[in-house]
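Inspection log for the structure reproduced underneath, given as structure tokens.
The values are calculated or read from the model by the stated rules, or taken from the named source; none is laboratory data. Everything numeric in this text was worked out from a predicted model, so none of it was measured. Positions of Cβ are backbone-derived with ideal geometry, glycine not excepted, and every protein chain shown enters the neighbour counts. Heavy atoms of the whole protein, side chains included, go into the accessibility calculation; ligands, DNA and RNA do not. Shrake-Rupley method; radii C 1.70, N 1.55, O 1.52, S 1.80 Å.
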Amino acid sequence: MNVALLVCYDGTDFSGWQIQKNGRTVQYELESALSRSFSLSVRVTGSGRTDAGVHALGQTAHFDSAKDLPPERYVAALNHWLPGDIRVVSCEEVPQAFDARKSAKRKTYAYRMYTGAVENPLRRTRELFVGPVDVGRMDECARLFVGVHDFSAFMSSGSSAKTTVREVFSSSVAEEGCSVVFRITGSGFLYNMVRIMAGALVRVGKGYSDGSEIARALENGDRTLVPDIAPPQALYLEKVEYI
């Protein structure tokens, strides 16, 4: 029985998704809960490896279960054993060929920024404090990412990606209350890609850049044109689509 989970988590106290020798991870907690609930020793595969500090509203994961149980049993049992900063939102049986990572068609990430006059300590693990910014100009520059591009300039070293070409379906910056949100949907993302994009857009919003560096970086792949990497605590994996 191939089982798909929809998972949300607060990434503040995690060293990311993937199991590590040292560090608490989301994958470990899910696999541990499956072991405690059903004596299942299985590998849970996520749609992507969120980094340390990154949150998820809609992470998709799958595992192959030897137990043929109603999906609601998995939800209740896993949430009983999972720590408070992870929850399984829903569960369903999926075709055996389904793979949370390989079957994904689109992913949506959001990067949240707080624009108040004074930093709010209650938002510090949820948003990046930026103060007043030019949202209109940020939105104009965010739209430069739309299309099929070589995003090598927007990737940190250490990536194992076989190609740096990705397709971005939508990219925008908009105000949501006292926050500004950079939201992007693409076929997939390179290592730190969204955080580097967010860093470049913050420079535009603060008036440190006119955005020309973004266009040039897309054209020539020069990483030095977009050197900033926005911190992880404001990044959210919002949604993964499979159709």
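Would you be able to tell me the number of residues in the range 68-82 that are in contact with a Lys or Arg (Cβ under 8 Å, 6 or more places away or on another chain) and either of a type in the set (G, A, S) or in contact (Cβ under 8 Å) with a residue 24 or more places away in the chain (or both)? Give the steps one after another, and end with the answer.
Applying the first criterion (in contact with a Lys or Arg (Cβ under 8 Å, 6 or more places away or on another chain)) to the range 68-82 yields 79, 81.
Now narrow it down to the ones that are either of a type in the set (G, A, S) or in contact (Cβ under 8 Å) with a residue 24 or more places away in the chain (or both): 81.
Residues flagged as in contact with a Lys or Arg (Cβ under 8 Å, 6 or more places away or on another chain) and either of a type in the set (G, A, S) or in contact (Cβ under 8 Å) with a residue 24 or more places away in the chain (or both) within the range 68-82 amount to 1.
Taking the range 98-120, which residues are over 22 Å from the mean Cα position of the chain (by Cα) and open to solvent by less than 90 Å² (accessible area, probe 1.4 Å)?
Initially, the range 98-120 is screened for residues over 22 Å from the mean Cα position of the chain (by Cα), giving 116-120.
Result: G116, N120.
Going by the structure shown, is V148 closer than 25 Å to E241 by Cβ and in contact with a helix residue (DSSP H, G or I) (Cβ under 6 Å, 6 or more places away or on another chain)? Even if it seems obvious, please write down each step before you answer.
Numbers: closer than 25 Å to E241 by Cβ: yes; in contact with a helix residue (DSSP H, G or I) (Cβ under 6 Å, 6 or more places away or on another chain): no.
Answer is no for this residue.
Could you grab me the full set of residues in the range 82-97 that are hydrophobic (A, V, I, L, M, F, W, C), touching a helix residue (DSSP H, G or I) at 6+ places or on another chain (Cβ under 9 Å) and surrounded by fewer than 16 Cβ atoms within 10 Å (Cβ to Cβ)?
Scanning the range 82-97 gives a single hit, V89.
For the range 194-231, enumerate the residues that are surrounded by fewer than 22 Cβ atoms within 10 Å (Cβ to Cβ), touching a helix residue (DSSP H, G or I) at 6+ places or on another chain (Cβ under 7 Å), within 22 Å of A52 (Cβ to Cβ) and touching a residue at least 60 places away in the same chain (Cβ under 8 Å).
R223, V226, I229
Which one of these is at pLDDT 95 or above, touching a helix residue (DSSP H, G or I) at 6+ places or on another chain (Cβ under 8 Å) and open to solvent by less than 10 Å² (accessible area, probe 1.4 Å): V181, V168, V135, V130?
Working: V181 fails: touching a helix residue (DSSP H, G or I) at 6+ places or on another chain (Cβ under 8 Å); V135 fails: open to solvent by less than 10 Å² (accessible area, probe 1.4 Å); V130 fails: open to solvent by less than 10 Å² (accessible area, probe 1.4 Å).
The conditions single out V168.
What about E175, is it among the charged types (D, E, K, R), exposed (fewer than 15 other Cβ atoms within 10 Å of the Cβ) and at pLDDT 95 or above? Can you show your working first?
Details: among the charged types (D, E, K, R): yes; exposed (fewer than 15 other Cβ atoms within 10 Å of the Cβ): yes; at pLDDT 95 or above: yes.
Yes, satisfied.
Select, from E72, E29, the only residue that is at pLDDT below 95 and touching a strand residue (DSSP E or B) at 6+ places or on another chain (Cβ under 8 Å).
Numbers: E29 fails: at pLDDT below 95.
Answer to the check: E72.
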